Amino acid sequence: MIDIKRIYPECNADTLLIELLLKQEEPKHCQGITEVAKAMKGCTRIDKVIVGLVDDDKFKRLPSYIKEFKLIENQNGLKKHHPSANQYIIQLQPAFEKWIIAAGESCNVSFNASYYKGNFDKFKNDAKSPVVNQNDYMKEYIRKIILANPPAIQTLNSWLNEIFENEVA
């Protein structure tokens, strides 16, 4: 079973995505890739899986710990990185806003037909808000995409299940 407390999303929208996808609350939210790296590096239990969820735009300024991760899979706008037993980085490519819109468009959940009516700047501002988890419009849009189950969502869900199922205990 996936333990949401061992998933470390780097931004508020990534956190909301994980909460809605897994139908659980409160993953270990980190504010930025540096905080994801610190949290993961600080995990001393090598028998427990830790997954960092980060955006592609942050991979330009990598903390040294994250540089140790090697790309092991790349599909549907997601990259999976793994340096050693039980630690993974899943990278949304491109960053959350464009990634989720592309996922929606791939399954006919139109961004233009959503509350945002194609207004990317409004969507991006809402996604970056610290209270995005209280934004009913954002939650509705993401839920519709999750329910439509496009390849990007399938891959993310599959990877999380696979990672936690194969946990070395």
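Annotations for the structure displayed:
- Single residue of segment 42-62 satisfying the filter (modelled with pLDDT of 85 or more and crowded, with 17+ Cβ neighbours inside 10 Å) that is nearest to LEU160 (Cα to Cα): VAL51
- Verdict on LYS79 being of a type in the set (Lys, Arg), under 20 Å from CYS30 (Cα atoms) and either outside any loop (DSSP other than H, G, I, E, B) or at pLDDT 95 or above (or both): yes
- The residues in segment 67-91 that are among the β-branched types (Val, Ile, Thr) and in contact (Cβ under 8 Å) with a residue 24 or more places away in the chain can be counted, and the count is 2.
- Top-ranked residue of segment 113-156 - restricted to ones that are of a type in the set (S, T, N, Q) and over 19 Å from the mean Cα position of the chain (by Cα), ranked as modelled with the lowest pLDDT: SER114
- Subset of segment 87-110 (residues that are assigned to a loop (DSSP other than H, G, I, E, B), over 13 Å from the mean Cα position of the chain (by Cα) and surrounded by fewer than 21 Cβ atoms within 10 Å (Cβ to Cβ)): SER106, CYS107, ASN108, SER110
- Yes/no for PRO27 being within 21 Å of ILE153 (Cα to Cα), touching a strand residue (DSSP E or B) at 6+ places or on another chain (Cβ under 9 Å) and at pLDDT below 90: yes
- THR44 being part of a helix (DSSP H, G or I) and either of a type in the set (Val, Ile, Thr) or out of contact with any Lys or Arg (no Cβ under 6 Å at 6 or more places or on another chain) (or both): no
- All positions within segment 155-165 that are surrounded by fewer than 21 Cβ atoms within 10 Å (Cβ to Cβ) and either within 12 Å of LEU22 (Cα to Cα) or charged (D, E, K, R) (or both): ASN157, SER158, ASN161, GLU162, GLU165
- Scanning segment 7-33 for residues being part of a helix (DSSP H, G or I) and not acidic (Asp, Glu) gives a total of 10.
- Members of segment 1-41 found to be buried (at least 19 other Cβ atoms within 10 Å of the Cβ), closer than 19 Å to ILE146 by Cβ and touching an Asp or Glu at 6+ places or on another chain (Cβ under 6 Å), listed by number: GLU19
- Against the conditions (1) assigned to a helix (DSSP H, G or I); (2) under 19 Å from VAL54 (Cα atoms), GLU140 satisfies every one except (2).
- LEU53 falls short of the stated requirement of being of a type outside the set (Asp, Glu), within 11 Å of the chain's Cα centre (by Cα) and in a helix (DSSP H, G or I).
The values are calculated or read from the model by the stated rules, or taken from the named source; none is laboratory data. What you see is a predicted model, and the numbers here were worked out from it, not measured in a lab. Quick reminder, even Gly has a Cβ in these numbers, built from the backbone with ideal geometry, and neighbours come from all protein chains shown.
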